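> To start, I am sharing the structure in question, which I have written as C-alpha cells.
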Amino acid sequence: MLKKEFIYNYQDNPIHVYFYIRRGMTKITIALDHNEIKVNSPRDYTKEVIIKFINKSMGDLINKSDDYFTLWGQRLNLQFGVADKFSYLVDRDNGLVSIWGKIKKNSDYDKYLNLLLKDQVEKYIAYNQDTYQEVLNSKGIDFITPIIDNCKTRRGCYYINTQKLKISSHMALHNPKYLDLVIYHEHAHIKYFNHRQDFHELLESLIFNHRQLQKELNKQKNSFSLKKWYT
C-alpha cells in the first residue's frame with residue numbers, strides 16, 4: 001500500500017520518493033530507479049526517518065542503479081515497478097525493459113524476469129511455428145510444441161519415452177537464431193537420439209551452418225545476473 005510520496009533532493013537533483021507498507025516483509029528495502037526511489041517497509045515511518053534511511057544507503061543505491069538485461073541479444077536497461085499483478089513492457093527503441101509486480105523479497109526479481117523470458121520464448125515459437133512445421137515436415141518430422149521451463153543448465157531436451165520437448169526460457173537472452181538452432185536440434189533427436197553423423201547431417205539440412213552456431217552459443221552465458229536492491 002502506498003503510504004507516502006515526496007520529493008527528495010540529492011545534490012540539487014529532485015528525486016521522487018514512494019514509500020510502501022509491505023506487511024509480509026521483515027526489513028526495509030530501498031531502490032533507486034532513474035529519478036525515483038522506492039522504499040518498501042514492514043511498518044510505517046515518518047518522512048524524516050525515511051530520509052535518514054535514504055541518506056545512509058544513497059551511495060550503495062547509486063552504485064547499484066545500473067541494472068541491465070539482455071533480451072534476444074540486445075542489451076536493455078531494466079527497471080522494476082510495484083503493481084498488484086505481473087506485467088512488462090519492452091521498449092527497444094529506448095533500450096528499456098519495464099517490469100511490474102508485487103515485490104516482497106529479492107527472489108521476486110528473478111521470478112518476474114523468468115516469467116518475462118518464458119512469455120517471450122512462447123510468443124517467438126508461436127509466431128514461427130508454421131515455418132518450423134514446414135521445414136520439419138520436409139524431413140518427415142512433426143513439430144512438437146515445447147514446454148518452456150527456466151532451466152539454466154540445459155537449453156533444450158527431447159524425452160524419447162514421453163515424446164515431449166523442453167526448451168529453456170533463458171534462450172530469450174540470446175539472438176533468436178540460437179533458439180531456432182535449439183528447436184531444430186531437439187526435433188532432430190526424434191529421428192536420431194544420439195549425436196552421430198546421421199544426426200548432424202539431418203540438423204544441417206534443417207538449419208544451415210549449425211556447427212558454427214552451436215560453437216557461438218556455447219560461448220554465451222545461459223543465465224542472467226542482477227544487482228540486488230539495497231537491504
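Rule-based calculations on the coordinates, nothing more; no lab input. Treat the numbers as computed from the prediction; the structure is a model and nothing was measured. Glycine gets a Cβ as well: all are built from the backbone with ideal geometry, and neighbour counts include every protein chain shown.
> Got a sec? Charge dipole of the chain, +1 on Cβ for Lys and Arg, -1 for Asp and Glu; which of Ser138, Asn114, Gln74 is way out at the positive end?
Farthest towards the positive end: Asn114.
> Something else now. Report, in deg cm²/dmol and to the nearest 500, the calculated mean residue ellipticity at 222 nm for the chain, where each DSSP H run with n ≥ 4 adds -39500 (n - 2.57) and the sum is divided by the residue count.
-11500 deg cm²/dmol
> About its Cα centre, what dipole magnitude does region 65-176 give when the only charges are +1 on Lys and Arg Cβ and -1 on Asp and Glu Cβ, stated in debye to the nearest 20?
420 debye
> Another question, if that's okay. What residue among Ile207, Pro42, Ile103 has its Cα farthest toward the positive end of the dipole of the chain, where the charges are +1 on Lys, Arg and -1 on Asp, Glu, each on the Cβ?
Looking along the dipole axis, the top candidate is Pro42.
> Oh, and also: Compare Glu186, Glu201, Glu122 in a GNM of the chain, Cα atoms joined below 10 Å, and give the one with the largest fluctuation.
Result for the chain, Cα springs under 10 Å: Glu201 fluctuates most.
> Semi-axes of region 69-128's equivalent ellipsoid from the Cα gyration tensor, sqrt of 5 times each eigenvalue, largest first, rounded to whole Å?
On the way: eigenvalues 78, 40, 20 Å².
After scaling each eigenvalue by five and taking roots: 20, 14, 10 Å.
> Ok, one more. What net charge is computed for the residues neighbouring Tyr45, neighbours being all others with C-beta under 10 Å from the C-beta of Tyr45, Lys and Arg scored +1, Asp and Glu -1?
Surrounding charge for Tyr45 is +3.
> Against the empirical 2.2 N^0.38 Å scaling, what ratio does the C-alpha Rg of the chain come to?
Output field value: 1.28.
> For region 121-141 and region 146-184, write down the distance between their C-alpha centroids in whole Å.
A separation of 14 Å, based on Cα centres.
> Now for a separate question. Using alpha-carbon positions, what is the distance between the centroids of region 90-111 and region 1-58, in Å?
When both Cα centres are located, 19 Å separates them.
> Leaving out same-chain residues fewer than 8 places away, which lysines sit with a Cα under 19 Å from that of Lys221?
Lys111, Lys118, Lys152, Lys166, Lys177
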